[in-house]
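Down below is the structure, laid out as structure tokens.
The values are calculated or read from the model by the stated rules, or taken from the named source; none is laboratory data. Keep in mind that what you see is a predicted model, and the values were worked out from it rather than measured. Please note: Cβ atoms are built from the backbone with ideal geometry, for glycine as well, and neighbour counts cover all protein chains shown. The accessibility values were calculated without ligands, DNA or RNA, using every heavy atom of the protein model including side chains. Shrake-Rupley method; radii C 1.70, N 1.55, O 1.52, S 1.80 Å.
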Amino acid sequence: MDRVAKPRLHFLDWVRGLAALIMLQGHVFDAFAQGDQRTSSEFVLSQFIGGMPPAIFLFLTGVTLAFLMESQERKELGIREKLIGVAYRARYLLIIALLFRLQMWIFGLPKSSITDILKVDILNCMGVSILLMLPLTLLGRMDRVRWGIFAGLGISVISPLVANANWGGTPEILQSYLVPGSKGFPLFPWSAFLAFGVATGTILKIASTRDLGRFAQWCAIGGGVLIFSCQHFSNLPYSFYSQSNFWIDSPWLVFIKTGIIMVMLSFAYLWTTHVAPGWSFVRQLGLTSLLVYWVHTELVYGRWLWSFKGNLSIPQIMLLAVIVILAMLGLSLIQTNWSQIRQWIQDRGHTMATSPAEGD
């Protein structure tokens, strides 16, 4: 969920912001829908598209990781410095992940369990996935693209095997980090998106010095091919695996989501370059996606709106989703404009302190 500030790459922030929007509505629907509403078409659609944001965030984290690797290349850093630089990025995310889980546990007392601190959230997955990609730091551009793709393919293809392996006797924390499941964000298959993001980010860095428009075209073509071809293969009556759950560990789902992300990148580039190149609330959310993720999770799943949990109709949920999105947009604007706001407060206080008292 790292910020990309270069103006010509604003479309990355726009995609990240779109992921935040999808995430916000999905979590509001999930937390507040009445039992009988959870089978409605609106709820099903909300949760269906709600499966995309984690993949997008991981993919874009891979893209910005590739930018870091490119920066290290330009600075001609040594092997040790390169590895430390990437490891520091992973350490930052893991510390944030621990603080996030710790805050959720404290705010949930006395009902929360101490084991909640060890839950593998998307931030944990990002941090450990970056550590897995450390070897890519030592490769040249084209080798990084190739091995990033190979790593993503390998993780995706192995995921069903990992899911059906005998994990009896292994520590639960190890299983939560490795074994595909419907809860949490295990490395299999989620880290594949970060690997594909590294490959794409490296290509994007090359294209940014030449023709971003051509990059967007190939993203649209490649993404479309991935979506339709993998959807076709996933529906074939036979499989390479003795057992596989499409929604949990299927490589085809990983490839389809990757194709969707590529199409989104292409659309975002066209939108932010030719249609709406100025400020947008979508890109604004993308600039502060980590803050939005952290605060809205506590707001939606914490005890703040507890009386509404599981008690709202679809129209009420839609209204609440709009309110939550506007609140997160306001918070985002405060973060990105905090220096100006603080300066205004200081100037205001100085003016009031130096103005003559009434009646003098």
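Report in % the part of the accessible area of the chain that belongs to carbon and sulfur, leaving out ligands and nucleic acids; probe 1.4 Å. If you can, show how the numbers build up before the last one.
Values: 12320 of 18630 Å².
Its accessible area is 66 percent carbon and sulfur atoms.
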- Message: Using a 1.4 Å probe on the protein heavy atoms only, what accessible surface does L226 show? Give it in Å² to the nearest 10.
- Response: 50 Å²
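Using helices alone, I'd like the mean residue ellipticity at 222 nm for the chain: each DSSP H run of four-plus residues gives -39500 (n - 2.57), total over residue count, nearest 500. Don't skip to the end; give the middle numbers.
Values: 14 runs with 250 residues, N = 360.
Taking each H run of at least 4 residues, the total per residue is -23500 deg cm²/dmol.
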- Query: If the viscosity is 0.692 mPa s and the temperature 37 °C, what Stokes-Einstein diffusion coefficient in µm²/s follows for the range 232-360 when Rh is the Kirkwood radius over Cα pairs?
  - Reply: 164 µm²/s
- Enter the accessible area per residue of the chain (Å², integer; probe 1.4 Å; all protein chains in place). 52 Å²
- Query: Where in the range 153-243 are there trypsin sites (Lys or Arg not before Pro) that are in a DSSP coil and have at most 11 other Cβ atoms within 10 angstrom of their Cβ?
  - Reply: K183, R210
- Query: Given a cut-off of under 8 Å on Cα pairs at least six residues apart, what relative contact order in percent is computed for the range 1-135?
  - Reply: 23 percent
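Do the alpha carbons of any pairs in K119/K257; K82/K119; K82/K257; K111/K257; K119/K205 sit beyond 32 Å of each other, and which pairs?
Working: K119/K257 24 Å; K82/K119 30 Å; K82/K257 30 Å; K111/K257 36 Å; K119/K205 34 Å.
Over 32 Å apart, Cα to Cα: K111/K257; K119/K205.
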- Query: Taking the alpha-carbon set of the chain, what are its Rg and Dmax in Å?
  - Reply: 22.2, 90
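In Å, what Kirkwood hydrodynamic radius results for the range 289-360 from the alpha-carbon pair distances?
Values: mean 1/r = 0.0651 Å⁻¹.
Over the range 289-360, the inverse of the mean reciprocal pair distance is 15.4 Å.
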- Semi-axes a, b, c in Å (a largest) for the range 199-298, each sqrt of 5 times a Cα gyration tensor eigenvalue, come to 30, 21, 12
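Can you list which of the chymotrypsin sites (Phe, Trp or Tyr not before Pro) found in the range 254-290 are DSSP loop residues with at most 16 other C-beta atoms within 10 Å? If you can, show how the numbers build up before the last one.
Working: sites: F255, F267, Y269, W271, W279, F281; in loops: W279.
Here the chymotrypsin sites (Phe, Trp or Tyr not before Pro) that fit, given the DSSP loop and packing criteria, are W279.
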- Task: Could you check the simple spin-label distance between Y241 and Q175, using points 7 Å along Cα→Cβ, in nm with one decimal?
- Result: 1.8 nm
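Using a 1.4 angstrom probe on the protein heavy atoms only, line up D249, D347 by accessible area, largest first.
Working: D249 10, D347 75 Å².
Result, largest first: D347, D249.
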- Message: From the mean inverse distance of alpha carbon pairs (Kirkwood) and the Cα radius of gyration, derive Rg over Rh for the range 108-234.
- Response: 1.06
